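J.: Please see the structure below; I have some questions.
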Amino acid sequence: MISIKTQQIETIKNSKKQQFVKRAVHFLKEKYPHKTEEMDDKTLASVVESSINRANAYDIVTEQGIILFLELMFSLSLDFDTAPRTKWTHDILSDFNISESERIMKIINTLSKV
């Protein structure tokens, strides 16, 4: 029987998270060069890690969902979910009666009407 220790599982989780952070940093630098040009990789990685925690608080846990959350951050403002101008997004993100993807699409669809 194979036995995996908790520490080994945490190591795997951390490794996968760091791989995702690197991919997200690359994605943001490619898609939002003007907004990321003054951020070094370490700073941008810190923004991504913070966004993961913020997205997780809204039960956004998939890589796709977190990338979309990041896109909202870089399209609207880094604090879009609490900023007075876009605070309405918080209500949508907090509606746990609909799925992660539905909540994000609801925000995107609302923005496309503005």
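The values are calculated or read from the model by the stated rules, or taken from the named source; none is laboratory data. Worth saying up front: this structure is predicted, and the values here are computed from it rather than measured. Here the Cβ positions follow ideal geometry from the backbone for every residue, glycine too, while neighbour counts run over all protein chains shown.
J.: Go through segment 76-104 and give me each residue that's surrounded by 14 or more Cβ atoms within 10 Å (Cβ to Cβ) and either touching a strand residue (DSSP E or B) at 6+ places or on another chain (Cβ under 9 Å) or closer than 23 Å to His34 by Cα (or both).
T.: Once the filter is applied, which keeps residues that are surrounded by 14 or more Cβ atoms within 10 Å (Cβ to Cβ) and either touching a strand residue (DSSP E or B) at 6+ places or on another chain (Cβ under 9 Å) or closer than 23 Å to His34 by Cα (or both), segment 76-104 yields Leu76, Leu78, Phe80, Asp81, Thr86.
J.: Just checking, how many residues over segment 88-114 are over 19 Å from Asp59 (Cβ atoms) and outside any helix (DSSP H, G or I)?
T.: Of the residues in segment 88-114, the ones over 19 Å from Asp59 (Cβ atoms) are 109-114.
If we keep only those that are outside any helix (DSSP H, G or I) too, we end up with 114.
Qualifying residue count for the region: 1.
J.: For segment 18-32, state whether one or more residues are at pLDDT 95 or above, in a helix (DSSP H, G or I), surrounded by 15 or more Cβ atoms within 10 Å (Cβ to Cβ) and more than 14 Å from the chain's Cα centre (by Cα).
T.: Checked against the condition, which is being at pLDDT 95 or above, in a helix (DSSP H, G or I), surrounded by 15 or more Cβ atoms within 10 Å (Cβ to Cβ) and more than 14 Å from the chain's Cα centre (by Cα), segment 18-32 yields at least one hit.
J.: Read through the list (1) free of Cβ contacts under 8 Å to residues at least 40 places away in the same chain; (2) under 16 Å from Lys35 (Cα atoms); (3) under 12 Å from the mean Cα position of the chain (by Cα), then give the number of the only condition that Leu70 fails.
T.: For Leu70, the failing item is (1).
J.: How many residues does segment 105-114 contain that are farther than 23 Å from His34 by Cα and either touching a Gly at 6+ places or on another chain (Cβ under 8 Å) or among the polar types (S, T, N, Q) (or both)?
T.: 2
J.: Filter segment 53-66 for residues that are β-branched (Val, Ile, Thr) and surrounded by fewer than 20 Cβ atoms within 10 Å (Cβ to Cβ) and give the result.
T.: Applying the first criterion (β-branched (Val, Ile, Thr)) to segment 53-66 yields 60-62, 66.
Result: Val61, Thr62.
J.: Of all residues in segment 59-87, which are of a type outside the set (A, V, I, L, M, F, W, C), assigned to a loop (DSSP other than H, G, I, E, B) and touching a Leu at 6+ places or on another chain (Cβ under 8 Å)? Show your work before the answer.
T.: Initial filter on segment 59-87 (of a type outside the set (A, V, I, L, M, F, W, C)): 59, 62-65, 71, 75, 77, 79, 81-82, 84-87.
Those still in the list that are assigned to a loop (DSSP other than H, G, I, E, B) too: 59, 62, 77, 79, 81-82, 87.
Asp81 - this is the single residue of segment 59-87 that is of a type outside the set (A, V, I, L, M, F, W, C), assigned to a loop (DSSP other than H, G, I, E, B) and touching a Leu at 6+ places or on another chain (Cβ under 8 Å).
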